[in-house]
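Data block below; observations after.
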């Protein structure tokens with residue numbers, strides 16, 4: 001390759017960049033093979049390597065909007081313009097429109113202001129950034145606390161509006177324990193009637209699916225199926241929302257309480273204080289004890305973390321998927337927190353039965369605020385669900401069968417400082 005294309009260190013241009021990238025990521029053999037045989041690995045093979053090879057970590061985070069700069073396209077057609085093309089690109093990296101996002105070649109994030117990027121979101125200087133803010137605090141903690149309050153107010157804002165309020169059909173002895181939104185349908189687990197109540201997204205009643213026992217918890221598997229756990233049950237059923245068919249029964253050794261599905265695994269609370277992690281065949285993957293000393297009444301998983309509450313102490317726990325506590329949040333506004341769910345930005349929504357409210361907590365657990373209260377129509381909320389695709393929050397009241405659907409707009413994403 002080096003002899004054929006006369007690539008030497010002092011040369012500039014697209015070919016040299018490709019050659020350096022090939023060397024860096026150990027793919028020169030593929031290029032040589034392509035030159036000799038005109039064959040190249042398939043897209044499927046490249047997708048596999050990018051997904052599992054640490055050398056390609058940054059490639060997995062390249063934004064879909066990134067394309068070859070036009071200057072390189074011209075330089076490819078007119079090799080004599082390679083030096084000029086590099087000059088143009090270097091100039092563009094310095095001078096740009098105020099509203100044009102630039103891509104950091106170190107962390108793969110977009111930014112508008114390089115100084116702000118370094119101080120706020122650049123991953124590779126986290127320790128130095130923490131030291132900087134600690135020095136600022138030491139200089140004048142009072143002024144910093146005022147600044148931090150302003151930052152929190154700016155970046156931790158939500159605009160909530162009521163989209164829909166309706167009552168479940170007047171069914172005697174109805175007791176809603178859990179709810180999910182899937183495929184534009186509201187699915188309620190009715191403990192008293194041993195059934196799933198299906199409503200359309202506009203609040204109109206659709207149908208009822210009879211169950212084998214009293215449902216305690218439901219979790220969405222995909223847009224068509226949900227997992228259901230039962231009172232004193234040693235099984236989890238996978239049920240089709242469309243047909244009502246029990247597609248699979250997962251037998252367990254212990255009594256299962258609340259459950260949460262995440263990436264092919266089911267996280268289940270057993271014996272009130274332990275969590276079993278099992279695959280879809282019921283095989284136990286791992287088990288660990290919850291840090292809470294009281295009965296665990298709710299569980300929610302999201303990507304690589306899980307949340308549950310201790311109602312007796314009003315505490316929200318955030319753990320990794322192996323049970324290690326990352327942070328916990330306790331506040332007087334959270335009186336008997338019983339349900340928890342997350343949005344697409346990592347914010348945590350906690351419904352509190354006795355304080356008649358929903359509290360939102362930031363992804364790092366450092367900031368929280370009351371999002372909804374009794375004046376918004378909440379009365380002993382028992383079930384909550386956040387539909388991430390459309391950013392809507394569903395809350396169910398205990399006594400009056402009231403269902404409230406709120407649209408949630410995030411004014412800005414919470415930053416890590």
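The values are calculated or read from the model by the stated rules, or taken from the named source; none is laboratory data. Just so we're clear, the structure is a prediction, and the values are computed from it rather than from any experiment. Here the Cβ positions follow ideal geometry from the backbone for every residue, glycine too, while neighbour counts run over all protein chains shown.
The table below gives the values:
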item	result
Residue 369 over 18 Å from the mean Cα position of the chain (by Cα) and either surrounded by fewer than 19 Cβ atoms within 10 Å (Cβ to Cβ) or within 22 Å of residue 220 (Cβ to Cβ) (or both)	yes
Count - residues of region 335-358 that are part of a loop (DSSP other than H, G, I, E, B) and either modelled with pLDDT under 90 or more than 17 Å from residue 260 (Cα to Cα) (or both)	10
For residue 144: the one exception among (1) closer than 29 Å to residue 362 by Cα; (2) surrounded by 14 or more Cβ atoms within 10 Å (Cβ to Cβ); (3) at pLDDT 95 or above	(3)
Wholly within region 161-231, strands (runs of 3 or more DSSP E) carrying at least 3 residues that are buried (at least 16 other Cβ atoms within 10 Å of the Cβ) and under 26 Å from the mean Cα position of the chain (by Cα)	176-182, 185-190, 215-220, 225-230
Qualifying residue in region 55-62 (condition: at pLDDT 65 or above and either loosely packed, with under 11 Cβ neighbours inside 10 Å or assigned to a loop (DSSP other than H, G, I, E, B) (or both))	no
Near pairs, Cβ below 8 angstrom, 6+ apart or cross-chain, from region 270-286 (on the phi > 0 side of the Ramachandran plot and modelled with pLDDT under 90) to any residue that is surrounded by 13 or more Cβ atoms within 10 Å (Cβ to Cβ) and assigned to a loop (DSSP other than H, G, I, E, B)	272/295; 272/296
